[in-house]
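Just so it is clear, none of the values below were taken in a lab; they were calculated from the coordinates. Worth saying up front: this structure is predicted, and the values here are computed from it rather than measured. Positions of Cβ are backbone-derived with ideal geometry, glycine not excepted, and every protein chain shown enters the neighbour counts.
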């Protein structure tokens, strides 16, 4: 079932559909309030109108999200949620809410940034409860028993994803790189009732030995352009783990034992792996990367960068320098979303794979 077909199905079942911009947000609150959140990362569109509203040096995550709205492909949505992931997405929120005349509810969610203090936790808890209070005006009151169920479903999703990642890191998964991320990314729009069975089925079907080629770590915002996964499959390279914002950074979080659902969601946020969107230090990110490298036996790191993504690009030079000093191979790819791999990039990836082989 395609994303569009799934949205239509959920709409017919009486659910509200929200467009959610990257990256981390309290999805359990939306699930509990009968909302199907549909994340907007990299819709396959040609940009025709967004450039008139944005500077030329804005990342294509923001450009494509705005283009999706301008082309009328969000007309059937019941609202938008804008997390304060970066300055560009916050500015996009202002454009959509204040200048486009969308006449759809726009909600905003603000994350505290590192270094964290006791006040950071208070701030986050207040924003969780504040979002629920704002949504109540459109969707009705939040059912706390339902919220507890949704928090538990979130734990189930995380547990299954962690099992998949562990299998892949140890070379015990037969799925290709393309297949792996195709399944993982369906969590961007599937509700847990549908995503959990899909992950369970994929786990069972994918048990086996991985390809025998060299292993690498992918780092960046999201696995795009998708052609890089296809090329790595063709070259016999195993993506042993990732440091993607859209994947492991926000999905593989430790469980919270808190009984209060708001406490559990807060603990989950502060336990997220190091990330540029949290203001994590270079040392934290390096330790996180080295842990993945040691746990998977990866021989190098490919930084798959979205062009003009400032939070990520600020860190990359220092990460590359430290990795090289420790004898690890690195490759930095900087491209627009959905633009494919040029002949030059193709050659650079092939040369990198030959080097680590």
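Using only alpha carbon positions, build the gyration tensor of the range 215-268, then give the equivalent ellipsoid semi-axes as the square roots of 5 times its eigenvalues, largest first, whole angstrom. Intermediate results must be reported in sequence, preceding the final value.
Details: eigenvalues 213, 23, 9 Å².
Over the Cα atoms of the range 215-268, the semi-axes work out to 33, 11, 7 Å.
Between helix 3-12 and the chain there is an angle of about 20 degrees, using the helix long axis and the longest principal axis of the Cα atoms. By other beta-carbon atoms within 10 Å, ranking 308, 255 with the fewest at the front produces 255, 308.
On full extension, the segment bounded by residue 2 and residue 75 gains 24.5 nm, given 0.36 nm per residue less the C-alpha separation. On a 0 to 90 degree scale, rounded to 10, what angle separates helix 118-139 from the longest Cα axis of the chain? For helix 118-139, the angle is close to 60 degrees. Spin-label pair residue 94-residue 138: with each label point 7 Å from Cα along the Cα-Cβ axis, the two points sit 2.1 nm from one another. Here 315, 241 are placed in order of increasing Cβ neighbour count within 10 Å, fewest first, which gives 315, 241. Over the residues of the chain, the helix contribution to mean residue ellipticity at 222 nm works out to -15000 deg cm²/dmol, using -39500 (n - 2.57) for each DSSP H run of at least 4. When all alpha carbon pairs of the range 3-143 are counted in 10 Å bins from zero, the resulting P(r) reads 11, 40, 34, 13, 1 %.
Using the Cα atoms of the chain to build a convex hull, what is its mean projected area in square nanometres? Walk me through the numbers before you get to the answer.
Working: hull surface 69.5 nm².
Averaged projected hull area, Cα only: 17.4 nm².
Could you line up 110, 57, 288, 165 from fewest to most neighbouring Cβ atoms inside 10 Å? Could the numbers behind the result be given before it?
Details: 110 15, 57 9, 288 18, 165 23.
Exposure proxy ranking, most exposed first: 57, 110, 288, 165.
Compute the acute angle (0 to 90°) between the alpha-carbon long axis of helix 192-206 and the principal axis of greatest extent of the alpha-carbon atoms of the chain; round to the nearest 10°. Compared with the principal axis, the helix lies near 20 degrees.
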